[in-house]
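Asker: Have a look at the structure that comes next, please.
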Amino acid sequence: LQSGLQMAEVDARSFDVTFSLECHDPTWYDPATFTENLNAQELSAFVVPFVVPGDMWLGGTTQLYATVNNLGTWRVYPIITITGPYERLILTNQATGASFTLGVALLAGETIEVDLRPGHQTITRDGAVALDELESGNIVDWYLAPGDNQINGQGAGVTSGTRIQFSYNPRYIAL
């Protein structure tokens, strides 16, 4: 109920009632939760043919990737569970161009959760809020578009033991 109830007496037995409703999330959710994992891939070595400034950071040789297919007709904000190790991690959705960087190291076996759902947008580590882990980017604008989304995770300290899992419920703008 957005702005109060308005009532006007029509006669002794009836009233005209006026009220307005506001829906912040006007979509239907699939009750089934989908889970996708990013797979590790070793990248070949490369040579940098120029001088690199000391404050420039270069990623490692392991990249995590997956094509996540959002079967819904509306954008989905997933819960992303990341299991270390990494020293710094960049997660990019090539379909939307959105990315964010987690800049605090995660040891092997440690877990961090990035919840992108509306009203929940937060980062937790061991159950405690850890928004300071977000070095750059914006988790509010990171989502899965309808259809295929090429997701890449790469950074310093990423190994074949690093795991990234997406959990989401497809959303539909109409049935």
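Asker: Taking the stretch 120-159 on its own, how many of its residues are open to solvent by 70 Å² or more (accessible area, probe 1.4 Å), closer than 25 Å to GLN41 by Cα and modelled with pLDDT under 90?
Answerer: 1
Asker: Could you identify the single residue in GLU135, GLU113 that is assigned to a strand (DSSP E or B) and within 10 Å of the chain's Cα centre (by Cα)? So that I can check it myself, show each step before the final result.
Answerer: Working: GLU135 fails: within 10 Å of the chain's Cα centre (by Cα).
That would be GLU113, the only listed residue that is assigned to a strand (DSSP E or B) and within 10 Å of the chain's Cα centre (by Cα).
Asker: Name every residue in the stretch 95-109 that is in contact (Cβ under 8 Å) with a residue 24 or more places away in the chain, not in a strand (DSSP E or B) and not aliphatic (A, V, I, L, M), in order of residue number.
Answerer: Within the stretch 95-109, THR96, GLY103, GLY109 qualify.
Asker: Further, regarding this structure: Quick one: is ALA105 more than 17 Å from the chain's Cα centre (by Cα), under 21 Å from ASN149 (Cα atoms) and at pLDDT below 95?
Answerer: Answer is no for this residue.
Asker: Cβ-Cβ below 6 Å, separation at least six or inter-chain, first residue in the stretch 145-164 and within 15 Å of LEU91 (Cα to Cα) and in contact (Cβ under 8 Å) with a residue 24 or more places away in the chain, second open to solvent by 50 Å² or more (accessible area, probe 1.4 Å) and not in a loop (DSSP other than H, G, I, E, B): which pairs?
Answerer: Between residues of the stretch 145-164 that are within 15 Å of LEU91 (Cα to Cα) and in contact (Cβ under 8 Å) with a residue 24 or more places away in the chain and residues that are open to solvent by 50 Å² or more (accessible area, probe 1.4 Å) and not in a loop (DSSP other than H, G, I, E, B), the close pairs are GLN150/THR67; ASN152/TYR65.
Asker: Quick one: LEU116 ticks every box in (1) in contact with a helix residue (DSSP H, G or I) (Cβ under 8 Å, 6 or more places away or on another chain); (2) within 16 Å of PHE34 (Cα to Cα); (3) open to solvent by 40 Å² or more (accessible area, probe 1.4 Å) except a single one, so which number is it?
Answerer: (3)
Asker: For the stretch 19-33, check the following and say yes or no: at least one residue is part of a strand (DSSP E or B) and at pLDDT 85 or above. Even if it seems obvious, please write down each step before you answer.
Answerer: First, the residues of the stretch 19-33 that are part of a strand (DSSP E or B): 28-29.
Add one more test, that the residue is at pLDDT 85 or above, and what stays is 28-29.
Yes - at least one qualifying residue is present in the stretch 19-33.
The values are calculated or read from the model by the stated rules, or taken from the named source; none is laboratory data. Predicted model, so just to flag it, every value in this text is computed and none were measured. FYI the Cβ positions are ideal-geometry reconstructions off the backbone, even for glycines, and counts take in every protein chain you see. Calculation scope for accessible area: heavy atoms of the full protein, side chains included, ligands and nucleic acids excluded. Shrake-Rupley method; radii C 1.70, N 1.55, O 1.52, S 1.80 Å.
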